[in-house]
Amino acid sequence: MALRLITGRSGQGKTEYLVQEVIRLSMENPQQKYYVIVPEQFSLEMQRKMVKKHPRHGFFNIDVLSFHRLAYRIFDECGYQPGEILEDLGVSMMLRKILSEGENNFLYFKKSMKKAGFIDELKSMLMEFIGYGVTWEQVEEVSEKLGENKALSNKCKELGRIYEHFDKAIEGRFMVTEQILDVAREFAKEAPMLTNAVFYFDGFAGFTPVQLAFLKELLKVAGQINVTITIPEFVPGQRGMPEDLFISSKKTGDALLMLCQENMQEVEEVVKLDTPVYSKKIERIHMTVCHNPDGEADYVMHKIEQLVRQKGYRYRDFAVLSGDVADYASAFKRKAAILNIPVFEDTKKKVSYHSGVEAVRSLFHLAQMEYSYESVFRYLKSGMSNLIDEDADYLENYVLYAGVRGYSMWKKPFYRRLKNKDEAAIKALLLLQEKFMEETENFCSVMRDKEASVRDKIEVLYHTMVKLSFEEKLKNQAQKAEENSDFVKAAEYRQLYDLLLSLMDKIVMIFGEEKMAVKELAEIVDAGLDALGLGVVPLTMDQVVLGDLKRTRLHEVKVLFITGMNDGKIPPNIEEKEVLKNCGISLSQSLLEQSMEDEFYMYMAFSKPTDELYFSYSVTDSDGSALRPSLLQKNISQLFPKLKRKQYPEEERRYYFNLEDSREFLI
């Protein structure tokens, strides 16, 4: 029932201190239960580290969990069955339905509704409201206070209405991920696993109001709560400047102390970890200027291969971070493939480009457009039809020649403009028409049936997928990818069929017996497909990590490359929330707070490598347009005035490692 803060700058061993203490105490007190709570994406790494550091390489009284996994452990112990969780996928589909039904009531968002990414943005905003304890009544109320700011007022009014519709739609049926901790908080006193247990929280830059409310209840029952905070020196109650790099850490510490005051809990002495200031000559920080992002990728990958060959590093000793991974990922993976460097991209990939997803979309398009020319051949060229490409081309030539358009012409046998054709050609054409209609006619018929429920329509989609051998075809594509040594792509194909079935189950779970027009259902399915993400675990331990500054959690990295140090990339551009804060709605961060958080994440990343730190930026983008260096470079130059910028490839030696790599040199 006490709180202890473990403080120190990034890289000064807070996590190491925590791990060693937990292991030591767990061995001294085998009956005591210890919980290490970390962010979801860091849990596997922390488990691995615990096992590696433990003298016995195993333990029974230490659990490494995330907040949500801890919540489910509490539910399990208390015998509580939580409501169905509406994950991101379900939220996206629910929002799409709300927008489709009330399209004319949301005039502010009407022009944006159909734009790519709109549902994702709306979902993020809604989840932020829930995560920060903001109700839809508060959102609508604040819209009335923004009389002068008409645009923001209208935006808040419609956000409030959408939030209200969403809240009423899930009430008593579902709950979203952000509400799980709220429910778990109510069971904190009833869960024996929490009583007198020792908790360690590590890797959190801060806590949301919902998480703080949970910690408040946890403090009442736990034996001790330890929290690591990245800050050089924490003085309780001392006011910090808004532009202070560690302002977020300071607020977190003060918020935790406030919880102790409210609970009248003990606060133990702060543990401060510190190391002497590095006073030697700066030799292991490098700044390189490249022509464009492709040049940056070429430089980084060749430098990694050079260090591996010359200095004996392993690929796992390297990490490459960027403010926007999407801009650099393809270039890095292309260069890595040439040099045979294993790379793990630490991102969640969208499934939109997969043939199975395109086939589902094209089926709905076919039913909507009633066999228009575009919808028919979009489906036939999706890669999932049983008609091969040559058959589709043969059909397309006839359709263009004969002017076949619409279901009424497709359902009748083809005889238009075939008088002078030989009988074999006509028979082949009719056979292709029959095959195509057999694949699609029943699906389109049920989709157009106004009396069919969503369940009926999703069932016919499933039967169509079975008829088309979706699962078998995706397995074949996975095997082909494996034969080409593209194991990441193979893993994606193996996940896809189950993801599609999961999406269909969620649609039935949410909308089941409702009756929907094909257009509305197609929009919901489309929103669900957009929200689907493929998470691929690392295929090997020995590979270079490619990630972004905010999401990627690094561990034991020896050499770090920070790429894309251009204006607007590092730090990224941010959105203003100050107006809402002034009106009583506090969300994640204001403009200045977000800016300081971005700098804080950069500070955390820069302090991770133990051996070398490389910065790089481009003079132009991929299209040849000029790019400005990031202002952060100016700060780095002020810190290290002797740091020299080198041009690549003019001033940095470029090595050639294999035949394919040297071809461009020969050309």
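The values are calculated or read from the model by the stated rules, or taken from the named source; none is laboratory data. Predicted, not measured: the structure shown is a model, and the values here were computed from it. Heads up, the Cβs are rebuilt from the backbone with ideal geometry, glycines too, and the neighbour counts pull from every protein chain shown. For accessibility, only protein heavy atoms count, side chains too; no ligands or nucleic acids. Shrake-Rupley method; radii C 1.70, N 1.55, O 1.52, S 1.80 Å.
Check Asp542 against each of (1) within 30 Å of His365 (Cα to Cα); (2) open to solvent by 30 Å² or more (accessible area, probe 1.4 Å); (3) of a type outside the set (Val, Ile, Thr); (4) at pLDDT 70 or above and name the one condition it does not meet. Of everything listed in (1) within 30 Å of His365 (Cα to Cα); (2) open to solvent by 30 Å² or more (accessible area, probe 1.4 Å); (3) of a type outside the set (Val, Ile, Thr); (4) at pLDDT 70 or above, Asp542 misses just condition (1). For Phe199, the conditions (1) under 30 Å from Gln47 (Cα atoms); (2) open to solvent by less than 20 Å² (accessible area, probe 1.4 Å); (3) in a helix (DSSP H, G or I) all hold with the exception of (3). The residue pairs whose first member lies in the range 455-483 and is within 16 Å of Ser445 (Cβ to Cβ), whose second member is in a loop (DSSP other than H, G, I, E, B), and whose beta carbons are closer than 9 Å, counting only pairs six or more residues apart or on different chains, are Asp456/Asp449; Lys457/Asp449; Lys457/Met516; Val460/Ala452; Lys467/Asn386. Just wondering, is there one or more residues in the range 172-187 that are free of Cβ contacts under 8 Å to residues at least 40 places away in the same chain, of a type in the set (Phe, Trp, Tyr), open to solvent by 10 Å² or more (accessible area, probe 1.4 Å) and closer than 18 Å to Glu87 by Cα? Checking the range 172-187: not a single residue is free of Cβ contacts under 8 Å to residues at least 40 places away in the same chain, of a type in the set (Phe, Trp, Tyr), open to solvent by 10 Å² or more (accessible area, probe 1.4 Å) and closer than 18 Å to Glu87 by Cα. Annotation note: of Glu345, Glu370, the sole residue that is in contact (Cβ under 8 Å) with a residue 12 or more places away in the chain and under 20 Å from Leu549 (Cα atoms) is Glu345.
Looking only at the range 135-150, count how many residues are β-branched (Val, Ile, Thr) and surrounded by fewer than 20 Cβ atoms within 10 Å (Cβ to Cβ). Lay out the reasoning, then the answer.
Initially, the range 135-150 is screened for residues β-branched (Val, Ile, Thr), giving 135, 139, 142.
Then keep just the ones that are surrounded by fewer than 20 Cβ atoms within 10 Å (Cβ to Cβ); that gives 135.
Of the residues in that region, 1 qualify.
Scanning the range 234-246 for residues that are more than 22 Å from Glu268 (Cα to Cα) and modelled with pLDDT of 70 or more yields one hit, Leu245. For first residues located in the range 135-147 and within 21 Å of Val210 (Cα to Cα), partners that are hydrophobic (A, V, I, L, M, F, W, C) and open to solvent by 40 Å² or more (accessible area, probe 1.4 Å) and lie 6+ apart or on another chain with Cβ distances below 9 Å do not occur.
Kindly list the number of the only condition in (1) under 30 Å from Asp120 (Cβ atoms); (2) open to solvent by 50 Å² or more (accessible area, probe 1.4 Å); (3) in contact (Cβ under 8 Å) with a residue 12 or more places away in the chain that fails for Arg316. Unmet for Arg316, out of (1) under 30 Å from Asp120 (Cβ atoms); (2) open to solvent by 50 Å² or more (accessible area, probe 1.4 Å); (3) in contact (Cβ under 8 Å) with a residue 12 or more places away in the chain: (1). Within the range 473-500, being open to solvent by 50 Å² or more (accessible area, probe 1.4 Å), more than 26 Å from Ile458 (Cα to Cα) and assigned to a helix (DSSP H, G or I) holds for Gln479, Lys480, Glu482, Glu483, Phe487, Lys489. Would a scan of the range 47-54 turn up a residue that is under 21 Å from the mean Cα position of the chain (by Cα), assigned to a helix (DSSP H, G or I) and not small (Gly, Ala, Ser)? Among the residues of the range 47-54, not one is under 21 Å from the mean Cα position of the chain (by Cα), assigned to a helix (DSSP H, G or I) and not small (Gly, Ala, Ser), which makes the answer no. Within this structure, Ala367 passes the test of being in a helix (DSSP H, G or I) and over 29 Å from the mean Cα position of the chain (by Cα). Picking from residues in the range 68-91 that are of a type in the set (A, V, I, L, M) and at pLDDT 90 or above, the one that is nearest to Ser43 (Cα to Cα) is Leu70. Checked against (1) open to solvent by less than 40 Å² (accessible area, probe 1.4 Å); (2) part of a loop (DSSP other than H, G, I, E, B), Lys419 meets all criteria but (1). Just one of the numbered conditions (1) outside any helix (DSSP H, G or I); (2) of a type in the set (A, V, I, L, M, F, W, C); (3) open to solvent by 20 Å² or more (accessible area, probe 1.4 Å) is not true of Ala255: (1).
Residue-by-condition table, conditions (1) buried (at least 16 other Cβ atoms within 10 Å of the Cβ); (2) at pLDDT below 95; (3) touching a helix residue (DSSP H, G or I) at 6+ places or on another chain (Cβ under 7 Å); (4) not in a loop (DSSP other than H, G, I, E, B):
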residue	(1), (2), (3), (4)
Tyr398	yes, yes, yes, yes
Arg405	no, yes, yes, no
Tyr415	no, yes, no, no
Ala425	no, yes, no, yes
Ala428	no, yes, no, yes
Leu432	yes, yes, yes, yes
Glu451	no, yes, no, no
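Within the group Val38, Val19, which residue is in contact with a helix residue (DSSP H, G or I) (Cβ under 8 Å, 6 or more places away or on another chain), surrounded by 17 or more Cβ atoms within 10 Å (Cβ to Cβ), over 22 Å from Val221 (Cβ atoms) and hydrophobic (A, V, I, L, M, F, W, C)?
Details: Val38 fails: over 22 Å from Val221 (Cβ atoms).
After applying the criteria, what remains is Val19.
So in the range 434-446, with the set limited to residues that are among the acidic types (Asp, Glu) and without any contact (Cβ under 8 Å) to a residue 40 or more places away in the chain, which one is least open to solvent (accessible area, probe 1.4 Å)? Give the derivation first.
Residues of the range 434-446 among the acidic types (Asp, Glu): 434, 438-439, 441.
Applying the additional criterion that residues be without any contact (Cβ under 8 Å) to a residue 40 or more places away in the chain yields 434, 438, 441.
Numbers: Glu434: 115, Glu438: 118, Glu441: 65 Å².
Per the criteria, the residue is Glu441.
Out of the range 622-637, which residues are hydroxyl-bearing (Ser, Thr, Tyr) and open to solvent by less than 70 Å² (accessible area, probe 1.4 Å)? Residues satisfying the conditions are Ser625, Ser630, Ser637. Within the range 95-125, the set of residues being out of contact with any helix residue (DSSP H, G or I) (no Cβ under 6 Å at 6 or more places or on another chain) and part of a helix (DSSP H, G or I) comprises Leu99, Glu101, Glu103, Asn104, Asn105, Phe118, Asp120, Glu121, Ser124, Met125.
Figure legend. Inter-residue proximity from the range 54-71: first residues without any contact (Cβ under 8 Å) to a residue 12 or more places away in the chain, second residues open to solvent by less than 90 Å² (accessible area, probe 1.4 Å), beta-carbon distance below 7 Å, spacing 6+ or different chains. Indicated pairs: His57/Val51; Gly58/Val51.
Within the range 378-396, restricting attention to residues that are assigned to a helix (DSSP H, G or I) and open to solvent by less than 10 Å² (accessible area, probe 1.4 Å), which residue is farthest from Asp526 (Cα to Cα)?
At the first step, the residues of the range 378-396 found to be assigned to a helix (DSSP H, G or I) are 378-380, 389-396.
Imposing the further condition that a residue be open to solvent by less than 10 Å² (accessible area, probe 1.4 Å) reduces the set to 379-380, 392, 395.
Numbers: Tyr379: 15, Leu380: 19, Ala392: 25, Leu395: 28 Å.
Here the residue is Leu395.
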